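Report on the following structure.
The values are calculated or read from the model by the stated rules, or taken from the named source; none is laboratory data. The model shown is predicted, which means the values in this text are computed figures rather than measured ones. Positions of Cβ are generated from backbone atoms using ideal geometry, with glycine treated the same way; all protein chains shown enter the neighbour counts.
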Amino acid sequence: MRRDLESSDQGAPPPLRFGVVILAAGASARMGEPKQLIEVGGRPLLLRAVEAALGSAGWPVVVVLGAYAERIRPILARVPVLVVDNPAWPEGMASSIREGIAALQQFSRALDAAVIALCDQPAFSAEVIAQLVAAQRASGCGIVAARYRGRNGAPALFLREHFPTLAHLTGEEGARALLNGDPSSIAPVDLPALALDLDTPGDLVRQDPA
């Protein structure tokens, strides 16, 4: 579904009001330790993602924790984020998306959209979020997704019309099917640097902390 965002007689549309959900509930089984706490460029990976979100126009920023929540929570103590515990984290990413969307809707019913991001992409930044927002305003699409490795993925922006679908996702793949559905309703943004996510010790060797 597309939303007409053409300027009216009264000028450009108002800024998009969106929140950011950072998914950080996984057990990092392939890494062998909580990747949320692994330092890249001198900063824990999750904190880098949080700082990127806080540097954007998005508000609020929601961080969804699950496995290792008690170990991870202290690094978030001094940053202005909403921390949500996901007791169903073993179910997969969809459960964390549900928790994140619920937290955004509890915080504000006036949000136009949500950006859903992962905690393990070193190239994630405030500029990436700005590119997603700009693509939404230019295209009018209800979904805008980063594109890398030949398909759409996270981070991705969803207009609120998709919140009910996100709130009922199930399974391990999260929103992957939604992001790669009807191409006429999805605006892809080529962001090849986001192809690097840190899942294994080998990924750490290949990543560039700059």
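Kindly indicate whether any position in segment 121-137 is over 15 Å from VAL62 (Cα atoms) and among the basic types (Lys, Arg).
Yes, segment 121-137 contains a residue that is over 15 Å from VAL62 (Cα atoms) and among the basic types (Lys, Arg).
Name the residue, out of GLY150, GLY171, GLY202, that is within 23 Å of ARG98 (Cα to Cα), at pLDDT below 95 and loosely packed, with under 13 Cβ neighbours inside 10 Å.
Among GLY150, GLY171, GLY202, only GLY171 is within 23 Å of ARG98 (Cα to Cα), at pLDDT below 95 and loosely packed, with under 13 Cβ neighbours inside 10 Å.
Of the conditions (1) in contact with a strand residue (DSSP E or B) (Cβ under 7 Å, 6 or more places away or on another chain); (2) crowded, with 24+ Cβ neighbours inside 10 Å, GLN121 fails just one. Which one is it?
Single failed check for GLN121: (1).
Of a type outside the set (Val, Ile, Thr) and without any contact (Cβ under 8 Å) to a residue 12 or more places away in the chain: which single residue out of GLN136, GLN106, GLN121, GLN131 fits that description?
Going through GLN136, GLN106, GLN121, GLN131 in turn, just one is of a type outside the set (Val, Ile, Thr) and without any contact (Cβ under 8 Å) to a residue 12 or more places away in the chain: GLN106.
Is it the case that VAL79 is hydrophobic (A, V, I, L, M, F, W, C) and surrounded by 16 or more Cβ atoms within 10 Å (Cβ to Cβ)?
no
For segment 98-157, name all the residues that are hydrophobic (A, V, I, L, M, F, W, C), assigned to a helix (DSSP H, G or I) and under 14 Å from PHE18 (Cβ atoms).
ILE101, ALA103, LEU104, PHE107, ALA126, VAL128, ILE129, ALA130, LEU132, VAL133, ALA134, ALA135 - these are the residues of segment 98-157 that are hydrophobic (A, V, I, L, M, F, W, C), assigned to a helix (DSSP H, G or I) and under 14 Å from PHE18 (Cβ atoms).
Collect the residues in segment 58-95 that are aliphatic (A, V, I, L, M) and either in a strand (DSSP E or B) or under 9 Å from ALA25 (Cα atoms) (or both), keeping them in residue-number order.
VAL61, VAL62, VAL63, VAL64, LEU65, ALA67, ALA69, LEU82, VAL83, VAL84, MET93
Spot the failing condition for PRO209; the list is (1) surrounded by 14 or more Cβ atoms within 10 Å (Cβ to Cβ); (2) in contact with a strand residue (DSSP E or B) (Cβ under 8 Å, 6 or more places away or on another chain); (3) at negative phi; (4) modelled with pLDDT under 95, and only one is missed.
Just one mismatch for PRO209, condition (1).
Cβ-Cβ under 6 Å, sequence separation 6+ or interchain: first residue in segment 23-38 and on the phi < 0 side of the Ramachandran plot, partner modelled with pLDDT of 90 or more and assigned to a loop (DSSP other than H, G, I, E, B). Which pairs?
Listed pairs, sorted by first residue: ALA24/CYS119; ALA25/ASN86; ALA27/ALA67; LYS35/ASP120; GLN36/CYS119.
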